[in-house]
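Novice: Below is one structure. I have some questions about it.
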Amino acid sequence: MLRLYNTLTKKVEDFKPLAPDVVTLYCCGPTVYDYSHIGNFRTYAMTDLLVRSLTSLGYQVKYVMNITDVGHLVSDADSGEDKLEKGARREGKTAWDVAKFYTDAFLTDSKKLNLVEPDIRPHPTEHIAEQIAMVQTLLNKGYAYTIDDGIYFDTSKFKRYGGLTGQNIEELKAGARVEVNPQKKHPSDFALWKFTPSTSSGQKRDMEWDSPWGKGFPGWHIECSAMSRKYLGDQIDIHTGGVDLIPVHHTNEIAQSEAASGVAPFVRYWIHGQFILVDGEKMAKSKSNFYRLGDLEARGFDPLALRYFYMTAHYRAYLNFTWEGLENAQKALHELRSQISHINRTIVSEEKLDKVGAYRKKFDSAIENDLNMPQALAVVWEVVKSNIPSQDKYDLLLDFDDILGLDLRREHAKQEIPQEIQELLDKREELRKAKRFAEADELRKKIESMGYRARDTKI
């Protein structure tokens with residue numbers, strides 16, 4: 001049985017969906033004002049592994065990942081500029097153009113990382129009516145109030161506020177990292193709908209909509225609640241995201257969703273991925289210490305090497321990014337591809353099924369143990385080094401790859417060897433024919449350091 005760490009209960013639990021064979025899953029996707037960095041993609045890769053694992057266990061997964069294209073303000077305090085509007089000023093484009101460009105970039109990178117395509121990828125700009133309706137419901141129920149700059153959720157009216165963090169509302173108020181708007185009733189209150197700034201302020205927005213309360217735009221938090229509700233219902237099985245979303249965004253999602261629907265819990269299992277670190281600090285655009293997938297490719301790395309790198313640490317553990325670590329991941333990936341490409345499927349298996357079954361069970365156990373990918377990778381290499389017949393080895397590795405997502409099926413086809421590697425191989429072969437074996441061995445070591453393996457033939 002699959003067991004997952006639930007942020008809501010702070011423990012590892014048996015996973016039991018609402019429906020026997022169907023899982024509803026929502027993932028907080030990117031805010032498309034800039035490129036997503038490899039720290040962001042760690043969360044999406046974690047979600048991808050979860051979706052693949054659920055599918056392998058026989059569940060039908062209804063998977064929704066949003067694209068935030070409006071309403072995400074620079075500050076958690078519901079102040080400052082909309083990130084899309086800021087991106088538009090930075091690039092001299094419209095906010096709409098910025099959103100389109102970085103959405104396309106995100107989708108391209110997602111494909112390179114072999115991420116499963118969500119069933120639905122909703123955009124807040126296409127669901128304004130649903131958000132307005134939810135805000136109106138919260139007003140009608142007395143959970144919201146209006147001040148000069150927008151409509152706010154009254155956190156004091158929601159007694160379970162802060163449950164995801166393990167803090168009560170008084171503790172959250174005391175330690176609030178949000179600015180205190182003098183008109184807000186409580187520091188933790190958050191915006192549901194923001195009114196368009198007056199033209200006298202000098203701010204002209206590209207993205208604004210008519211509402212019962214005048215022109216404006218939705219708050220960041222209401223977007224996910226409204227879209228999740230539309231496509232997955234009032235209660236869902238799993239919600240994923242990065243740990244940075246716990247104290248504000250996900251806490252606010254719970255409050256407004258449960259207040260609007262009257263159904264609790266809004267989410268039964270909250271799954272959060274930990275940060276990637278660079279020099280001991282969180283990778284973030286605000287710190288300018290981030291890398292894009294394109295930066296890795298420019299250095300000659302395969303995007304799927306990054307996917308392998310993610311799996312070298314548990315998703316709830318910090319992962320320290322180093323170029324050496326990524327290089328080791330790429331070497332491991334090349335080795336797996338080499339193993340696959342050299343397996344001869346014509347060999348008839350004579351091995352007893354119990355040994356093959358034991359590997360399969362061991363791999364499944366690692367997956368079911370809260371997605372323990374380092375343990376799962378260890379099983380992969382046990383299989384690679386084992387003496388089980390090649391046909392069984394081939395079948396096992398490809399079965400495992402349904403979850404790993406390293407696209408080994410494609411790699412089974414003959415790979416195009418880079419010119420640099422081919423030249424080294426040709427030179428090594430010449431040295432071997434000349435019986436200059438010491439020099440040939442040095443070249444072999446060099447080839448292997450670059451992530452490839454030289455296989456000797458008879459001279």
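None of the figures in this text is laboratory data; all of them are computed from the coordinates on show. Please read these numbers as outputs of a predicted model, since none were measured by experiment. Here Cβ is always computed from backbone atoms with ideal geometry, including for glycine, and neighbour counts include all displayed protein chains.
Novice: Would you grab the residues whose amide H sits under 5 Å from the one on Ile147? Only those 5+ places off in sequence or on another chain, please, with H modelled 1.01 Å from N.
Specialist: Tyr152
Novice: Same structure, new question: Could you run the Karplus curve 6.51 cos²θ - 1.76 cosθ + 1.60 with θ = phi - 60° over the range 427-439 and give me ³J(HN,Hα) per residue in whole Hz, x for Gly and Pro?
Specialist: Listing the rounded values in order: 4, 5, 5, 4, 5, 5, 5, 8, 6, 9, 5, 5, 5 Hz.
Novice: For the range 78-165, what's the radius of gyration and Dmax over Cα atoms, in angstrom?
Specialist: Calculated on Cα positions, Rg and Dmax stand at 17.7, 47 Å.
Novice: For the range 48-57, what does the Karplus curve 6.51 cos²θ - 1.76 cosθ + 1.60, with θ = phi - 60°, yield as ³J(HN,Hα) per residue in whole Hz, taken in order and with x for Gly and Pro?
Specialist: So the Karplus estimates, Gly and Pro as x, are 4, 4, 5, 4, 4, 5, 4, 5, 5, 7 Hz.
Novice: What are the semi-axes of the equivalent ellipsoid for the range 1-79, taken as the square roots of 5 times the Cα gyration tensor eigenvalues, largest first, in whole Å?
Specialist: Working through the eigenvalues yields semi-axes of 28, 15, 13 Å.
Novice: Additional query: Sorting check: for 271-280, 329-338, 441-450, which peptide has the highest mean count of neighbouring beta carbons within 10 Å, and how do the rest follow?
Specialist: Order by mean packing, descending: 329-338, 271-280, 441-450.
Novice: Starting with the highest mean, order 245-252, 27-34 by the number of other Cβ atoms within 10 Å, averaged over the residues of each peptide.
Specialist: With the highest mean Cβ count within 10 Å placed first, the list reads 27-34, 245-252.
Novice: Which of Asn66, Leu49, Gly39 sits closest to the plus end of the dipole of the range 3-273, meaning its Cα is farthest towards the positive end, when Lys and Arg get +1 and Asp and Glu get -1 on the C-beta?
Specialist: Leu49
Novice: Let me ask something additional. Sort 259-267, 357-365 by packing, meaning the average of other beta carbons within 10 Å per residue, with the highest value first.
Specialist: Averaged packing, sorted descending, gives the order 259-267, 357-365.
Novice: Compute the helix-to-body angle for 95-112: its Cα long axis versus the longest principal axis of the chain, expressed 0 to 90° and rounded to tens.
Specialist: Between the helix axis and the principal axis of the chain, the angle is about 30 degrees.
Novice: When all alpha-carbon pairs of the range 246-392 are counted, what percent fall beyond 20 Å?
Specialist: Considering the range 246-392, 64 percent of its Cα-Cα pairs are separated by more than 20 Å.
Novice: By how many degrees, between 0 and 90 and to the nearest 10, does the Cα long axis of helix 251-261 differ from the longest principal axis of the chain?
Specialist: For 251-261 against the chain, the angle is about 60 degrees.
Novice: Among the listed pairs Lys112/Lys331; Lys83/Lys194; Lys361/Lys385; Lys62/Lys393, which are separated by more than 20 Å between their Cα atoms?
Specialist: In this structure, Lys62/Lys393 exceed 20 Å between Cα atoms.
Novice: If you project the alpha carbons of the chain onto their three principal axes, what span does each projection cover, largest first, in Å?
Specialist: 85, 50, 36
Novice: Still on this structure, please answer the following. For the chain, what relative contact order do you get, as a whole percent, if you take Cα pairs closer than 8 Å and at least 6 residues apart?
Specialist: Once divided by the residue count of the chain, the mean separation gives 17 percent.
Novice: Name the long-range amide H neighbours of Phe190: under 5 Å, sequence gap of 5 or more, or other chain; modelled H, no Pro or chain starts.
Specialist: Phe153, Thr155
Novice: Another one. With everything on Cα atoms, drop me the angle between helix 323-341 and the longest principal axis of the chain, reported from 0 to 90° to the nearest 10.
Specialist: The angle comes out near 60 degrees.
Novice: Give me, ordered by chain and number, the residues 5 or more places off Gln60 or on other chains with an amide H under 5 Å from its own placed amide H.
Specialist: So Gln60 has HN proximity to Val22, Val23.
Novice: Rule-of-thumb check for the range 3-273: C-alpha Rg over 2.2 N^0.38 Å?
Specialist: Relative to the 2.2 N^0.38 Å estimate, the range 3-273 comes out at 0.98.
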